[in-house]
Each structure stands twice: as structure tokens, then as C-alpha cells.
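Notes to accompany the following structure.
The values are calculated or read from the model by the stated rules, or taken from the named source; none is laboratory data. Please read all numbers here as calculations on a predicted model, not as lab measurements. Every residue, glycine as well, gets a Cβ built from its backbone with ideal geometry; the counts of neighbours run over all protein chains shown.
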């Protein structure tokens, strides 16, 4: 058994060798709680939930850390807006910390609804100011950071002092965009980024802390390095997050941590973005979809299946029919298990499923194995054969994928079709087998007759290289 993962830093798939034998440590970027989550946030959390579940199945003791950024420019902006005289929002005159906590709970509700396990630790940035001071001091002492030249109270990372800056995203420093997190007049180089931001008039005093460099608050990039080090140490296995965080956030994390003397992460894992019918989601053009909207349109089981069905590094495209397709897929699995509820117990996953998961968490290939077993199980049920080993395999696979806890195995429950769908599937599979024989014998009239009969009953047939599949029209 060899687990292999794609590492952004080396742009290659590498064998996983844990920093500590028998343990696996994962830090991934959580919410910046300035507003409600979008499905990109939830997809990222789900991807790393899938990873941690698989590592546990493979026998590792897993420690996960998902941070909460509860102090940030946008949080302060949104809070200030709530104090404007003409503001008509639901929460007028809301302090920044109250706004942050309110949205933190909204994120937590979305994670919980989709069966995403809580991390081992979920630290807030505001609870780790002393660790941030320590990291800044180490960087200043090593010659990689400096107080602002304009006495603003800012402290910057000196990007040109660190030869490896750009290693994660494979960029040369002169080709990078300027850091837009503070006034460039106080910087040696416009690409230097803020480790500490000096207090400015008009900001809430409660959003600042006394520091060796004056009152202020931490820079965004600094927060994650300090929290990762606090809970996982100076060297750990995985650092994850969305593809959009590679630059500047993760690039800056890597630079400041390694410049301070830490080995930091062995693997950098990045999940792909979510699009809407091939287009980038944007509030300005009105094509965004929230987790709340998805959960109003479909069961949490179907939403989790949809968000987790693509390979984690690929783009996940949302279409108006996406949740309907996901619902059909999960209810077939659910119906098979509902018809065999007496056999439900955990065991071993099939070897082909394990190989897919070991190979850079190849969820699409793993799901194909699940559906192959469900089809085989339904055929065996129709023949009156023993399906106990198939049931255990399917039950274990959906447990590993985090789907089992969201399923209903009662014919009268939320899974709706249950035993009736098993019977329907068995009947349709029999007709498809007869049609397949007719096609092999070039009896096109009989093949068309079967297809037309199914179509009249509201069943759509799709022919593919691996055979025919059906769905309700």
C-alpha cells in the first residue's frame, strides 16, 4: 500500500511518507468570516474531509487543523457598513467580532449539514496573537522582515531577502504583482507583504492589539503560519486549500515560515474551483449558487455527492441538472442498501476502490467501483443469490466517502424509493440485458421495441462503451 499525492510545490505526484510514522497531519485554510459561505468554500472543506477519512481508513492517526480568520480588512469593512445611517440590513450596528462570529456559525452549519467531520482543532486568528509576535520577531532577527519605513507601525516581509520566494507557484519575483495589503510608501519593495498592520484612525480600537511595533493587527498570511506551527509543529505532512489561494496567500505562508527556519509542509494540495455552466461564478452576473440554495433544492446526501464527485484538482462545473443527476446516483446506492439492511456492517473496501483512493484521491474512479458493485448486487438480488459480501463492500465504501451518515435505509424514509427502486432496477436491467442480446444478434427491431417500451414508461437509456445505463425522464 503506497499513497501518492500531487504536490503543487514540485508539480509532481509523490509517494506519501509521513513526518511521524503512523501519523498524518493536515492544515487547510478555512473561512474568512466576512460573509456567508459559497460552494467553493464548502467544496474545499469536503475535499479535505475526504482526504482525512481515507488516511484514517489506511490506519493513520490523523490530526486536522482548519483555521477561522476572524480579523481581516473585509470583516472590518462589512462591520463598518452596518453602522452607516442608511444601512437597512438585518444586523445594524454590528461590531466586527459579532459579525465574524455570526458568519462563523453559518459556515459551521453548512459543514455539519453535509457531514463534514469537525477538525481536530479549529483555531481563530484572534486567539493566537502571541504566536504571531514570536514569528515576526524570528523573521526580523533573521533579516527577513523590517518595520515600515514611514513609521506607520506596519511590519513587512522582505521578499528579496529570501531567494526561494516564488518556489510554490514557480514564479520569478520580478514577474509578480505588487502586494496590495498596505501603503507601498513604507516598503522597500512593492511586493513586500504585511506581517503586521499598524492601527489607523477610524478603525475600531478593539480590532487592534499592543505589539513591539505599535498597536495594530496581524496580516492575513501571518495568521496561518502561526496557527499551523502552534498545532502541528514546524514540520507537518499536508497544507491544503483552494486553487485561488496559491498566490499570494500560500506563497507568502511558505516564504515566511521557511525563512523563519521551519520545514513547514511536505505536500501542498490544492482543490479546483467551481464554475457555473463553464463560467466563473460571480455575484455581478448573478450566477452564484450558495450551499443554502443547494440544500433547499436537494437532500444533503445529493449535495455532498455532487460536491465530492469530481477529482479534487479538477474544476467542478455546476449545471441546473447537477443535483438531479446526483440525486439519481445516490438513491440507487441507497435503494440497494435499503433492500439488504440486515447485512449492514463495516468491512474492507474492494482492492480496486483502494487503488483509486491511494492514487491521488481519485474519487471518480472510486465512485465508479461503488456503482459497479451496486449493479452487480442488484443483478444478484434479482437472481436470488447471496449478496452479503457485496453489501459489506458497498456499505464500507460509502462510509469511507462520508455518504453513509446522510443516507436513509427505510422504504418510508427520506430515501423514498428504497425496495421499490431495487425491484424497478432489477426489471429494467433484465430488459436491458435482453436488448443487449438483440443488438448482438442484429435484431434491431426487437432492440428498438424494448427501448421504445422503456421510453414510454418514462425511462431514458444511455448507451456507452461499458454498456447501457438508465434514468427516469
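Please indicate, with yes or no, whether at least one residue in segment 69-90 is surrounded by 23 or more Cβ atoms within 10 Å (Cβ to Cβ) and under 19 Å from the mean Cα position of the chain (by Cα). Checking segment 69-90: at least one residue is surrounded by 23 or more Cβ atoms within 10 Å (Cβ to Cβ) and under 19 Å from the mean Cα position of the chain (by Cα). Consider segment 192-211 and keep the residues that are without any contact (Cβ under 8 Å) to a residue 60 or more places away in the chain and touching a strand residue (DSSP E or B) at 6+ places or on another chain (Cβ under 8 Å). The one that is surrounded by the most Cβ atoms within 10 Å (Cβ to Cβ) is 194. Here residue 346 fits the description: surrounded by fewer than 16 Cβ atoms within 10 Å (Cβ to Cβ) and either closer than 13 Å to residue 398 by Cα or in the same structural domain as residue 53 (by TED's automatic domain parsing) (or both).
Exactly one residue among 436, 389 is farther than 27 Å from residue 307 by Cβ and at pLDDT 95 or above, and that residue is 389. Looking only at segment 402-426, residues that are surrounded by fewer than 17 Cβ atoms within 10 Å (Cβ to Cβ) and modelled with pLDDT of 75 or more come to 1 in all.
So that you can scan it fast, the table gives a plain yes or no per residue for (1) touching a strand residue (DSSP E or B) at 6+ places or on another chain (Cβ under 9 Å); (2) loosely packed, with under 13 Cβ neighbours inside 10 Å; (3) at pLDDT below 85:
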{"position": "458", "(1), (2), (3)": "yes, yes, yes"}
{"position": "462", "(1), (2), (3)": "yes, yes, yes"}
{"position": "466", "(1), (2), (3)": "no, yes, yes"}
{"position": "469", "(1), (2), (3)": "yes, no, yes"}
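Scanning segment 301-322 for residues that are more than 29 Å from residue 13 (Cα to Cα) and in contact with a strand residue (DSSP E or B) (Cβ under 7 Å, 6 or more places away or on another chain) yields a count of 0.
A Cβ distance below 6 Å, combined with a sequence gap of six or more or placement on separate chains, defines the contacts here; from segment 3-17, residues that are in the same structural domain as residue 243 (by TED's automatic domain parsing) reach residues that are at pLDDT below 95 and loosely packed, with under 14 Cβ neighbours inside 10 Å in the pairs 15/2. Residues in segment 247-300 that are part of a loop (DSSP other than H, G, I, E, B), buried (at least 16 other Cβ atoms within 10 Å of the Cβ) and touching a strand residue (DSSP E or B) at 6+ places or on another chain (Cβ under 8 Å): 262, 272, 273, 281, 288, 289.
Of all residues assigned to segment 335-354, none qualifies as being at pLDDT 95 or above and part of a strand (DSSP E or B). On the given criteria, is residue 302 closer than 14 Å to residue 39 by Cβ, touching a helix residue (DSSP H, G or I) at 6+ places or on another chain (Cβ under 7 Å) and modelled with pLDDT of 95 or more? Considered against the rule, which asks whether it is closer than 14 Å to residue 39 by Cβ, touching a helix residue (DSSP H, G or I) at 6+ places or on another chain (Cβ under 7 Å) and modelled with pLDDT of 95 or more, residue 302 comes out as yes. Could you list all residues from segment 110-135 that are part of a loop (DSSP other than H, G, I, E, B) and within 11 Å of residue 230 (Cα to Cα)? Within segment 110-135, 123, 128 meet the criteria. Among the residues of segment 231-246, those that are farther than 16 Å from residue 30 by Cα and surrounded by fewer than 18 Cβ atoms within 10 Å (Cβ to Cβ) comprise 233, 234, 235.
Might you let me know whether segment 110-133 holds any residue that is under 13 Å from residue 155 (Cβ atoms) and either buried (at least 21 other Cβ atoms within 10 Å of the Cβ) or in contact with a strand residue (DSSP E or B) (Cβ under 8 Å, 6 or more places away or on another chain) (or both)?
yes
Of all residues in segment 141-155, those being in contact with a strand residue (DSSP E or B) (Cβ under 7 Å, 6 or more places away or on another chain) and either surrounded by fewer than 20 Cβ atoms within 10 Å (Cβ to Cβ) or over 12 Å from residue 255 (Cβ atoms) (or both) number 7. Pairing each residue of segment 450-461 that is part of a loop (DSSP other than H, G, I, E, B) with any residue that is surrounded by fewer than 16 Cβ atoms within 10 Å (Cβ to Cβ), provided the two are 6+ apart or on different chains, yields C-beta distances under 6 Å for 458/472; 458/473. Per the conditions (1) farther than 22 Å from residue 472 by Cα; (2) surrounded by 15 or more Cβ atoms within 10 Å (Cβ to Cβ); (3) in contact (Cβ under 8 Å) with a residue 24 or more places away in the chain, the sole criterion not satisfied by residue 314 is (2). The numbered conditions (1) surrounded by 18 or more Cβ atoms within 10 Å (Cβ to Cβ); (2) at pLDDT below 95; (3) farther than 30 Å from residue 212 by Cβ; (4) touching a helix residue (DSSP H, G or I) at 6+ places or on another chain (Cβ under 7 Å) are all true for residue 40 except (4). Checking every residue in segment 11-21 against the condition of being within 16 Å of the chain's Cα centre (by Cα) and surrounded by 17 or more Cβ atoms within 10 Å (Cβ to Cβ) gives zero matches. Criterion applied to 90, 84, 104, 94 was being in a loop (DSSP other than H, G, I, E, B), in contact (Cβ under 8 Å) with a residue 12 or more places away in the chain and closer than 30 Å to residue 200 by Cα, and the one residue passing it is 94.
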